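Structure, as structure tokens:
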Amino acid sequence: MARLIHAYADDPQPRAVAVVGNQPLPPDERRAKAIDACDVVFRVNGFVCDEPEGPPTVGSRTHVVVFNRIVRATPWLFHDYRDRLYLLVEPRRMHKEPTRLPHWWPHDLGAVPVSNREVTLPLSAALGLDTDAAWATTGTMAAWIARTTFPDADLYLSGFSFLDDPEQTSWRHASGDSCPVGKEHHIGREGRLLSSWTESTETGNTYLLR
């Protein structure tokens, strides 16, 4: 999977990578420029991108989309989809979830399954989760994929609401309705893990773009 992600990067040896979650954020030109300046930009599930006529907020570029089977489609999800890599995280497959894409998924668009053995289980171990009952959110999986695929690159994280509110019980999205935080997620632990990367000397620098 790492080699495939590299193929979608602007540079064969990316120096900067962004992972953008779906937290509603106020306009910020500095943040938007920092995201769009990255060699690889990951976005998650039903994400949004800046429009040419709108205020700069989260940038407009997307190289990799990380999503799950219950993704809520937004107008940006399939824009330029032939030029993007779509990675399907499947932690529920460990709990007998059927293998199917949404019925509205484009017939000419594939999706690359993310290995539970290579991604979900190591991440769960890093979070100290009981894999029989819990797994990470799609956003944290995207951040983990980015950090482990590009360990020497600078990593920019934005749109992760649990970094500021680890006790929240519902998700607010930049596009679409809110929804409950699933009982399988321990977002306090996820926030501590991502925050710890900003202090790590074992990988490239990690920055939080709020």
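The values are calculated or read from the model by the stated rules, or taken from the named source; none is laboratory data. All of these numbers come straight from a predicted model, not from anything done at the bench. Glycine gets a Cβ as well: all are built from the backbone with ideal geometry, and neighbour counts include every protein chain shown.
Details
- Top-ranked residue of the stretch 119-155 - restricted to ones that are under 22 Å from residue 32 (Cα atoms), surrounded by 24 or more Cβ atoms within 10 Å (Cβ to Cβ) and not hydrophobic (A, V, I, L, M, F, W, C), ranked as nearest to the chain's Cα centre (by Cα): 139
- When 84, 61, 93, 100 are screened for being touching a Phe, Trp or Tyr at 6+ places or on another chain (Cβ under 8 Å) and basic (Lys, Arg), only 84 passes.
- Among the residues of the stretch 1-52, those identified as among the charged types (D, E, K, R) and in a helix (DSSP H, G or I) are 3, 29, 30, 31, 33, 36.
- Single unsatisfied condition, residue 24 versus (1) in contact with a Ser or Thr (Cβ under 7 Å, 6 or more places away or on another chain); (2) at pLDDT 95 or above: (1)
- Any chance residue 35 is under 25 Å from residue 136 (Cα atoms) and surrounded by fewer than 16 Cβ atoms within 10 Å (Cβ to Cβ): no
- Some residue of the stretch 163-171 being β-branched (Val, Ile, Thr) and either assigned to a strand (DSSP E or B) or under 17 Å from the mean Cα position of the chain (by Cα) (or both): no
- The stretch 48-66 - residue that is surrounded by 24 or more Cβ atoms within 10 Å (Cβ to Cβ) and in contact (Cβ under 8 Å) with a residue 40 or more places away in the chain and, of those, nearest to residue 175 (Cα to Cα): 58
Listed here are the residues, each with its yes/no results for (1) over 19 Å from residue 210 (Cβ atoms); (2) out of contact with any Lys or Arg (no Cβ under 8 Å at 6 or more places or on another chain).
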{"position": "18", "(1), (2)": "no, yes"}
{"position": "37", "(1), (2)": "no, yes"}
{"position": "50", "(1), (2)": "no, yes"}
{"position": "55", "(1), (2)": "no, yes"}
{"position": "65", "(1), (2)": "yes, no"}
{"position": "72", "(1), (2)": "yes, yes"}
{"position": "79", "(1), (2)": "yes, yes"}
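Residues checked against (1) among the basic types (Lys, Arg); (2) over 13 Å from the mean Cα position of the chain (by Cα); (3) more than 22 Å from residue 205 (Cβ to Cβ):
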site: 2; (1), (2), (3): no, yes, no
site: 38; (1), (2), (3): no, yes, no
site: 49; (1), (2), (3): no, yes, yes
site: 63; (1), (2), (3): no, no, no
site: 69; (1), (2), (3): yes, yes, yes
site: 78; (1), (2), (3): no, yes, yes
site: 87; (1), (2), (3): no, no, yes
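- If the condition is being of a type in the set (Ser, Thr, Tyr) and either assigned to a loop (DSSP other than H, G, I, E, B) or touching a helix residue (DSSP H, G or I) at 6+ places or on another chain (Cβ under 7 Å) (or both), then the stretch 67-119 contributes 74, 99, 115.
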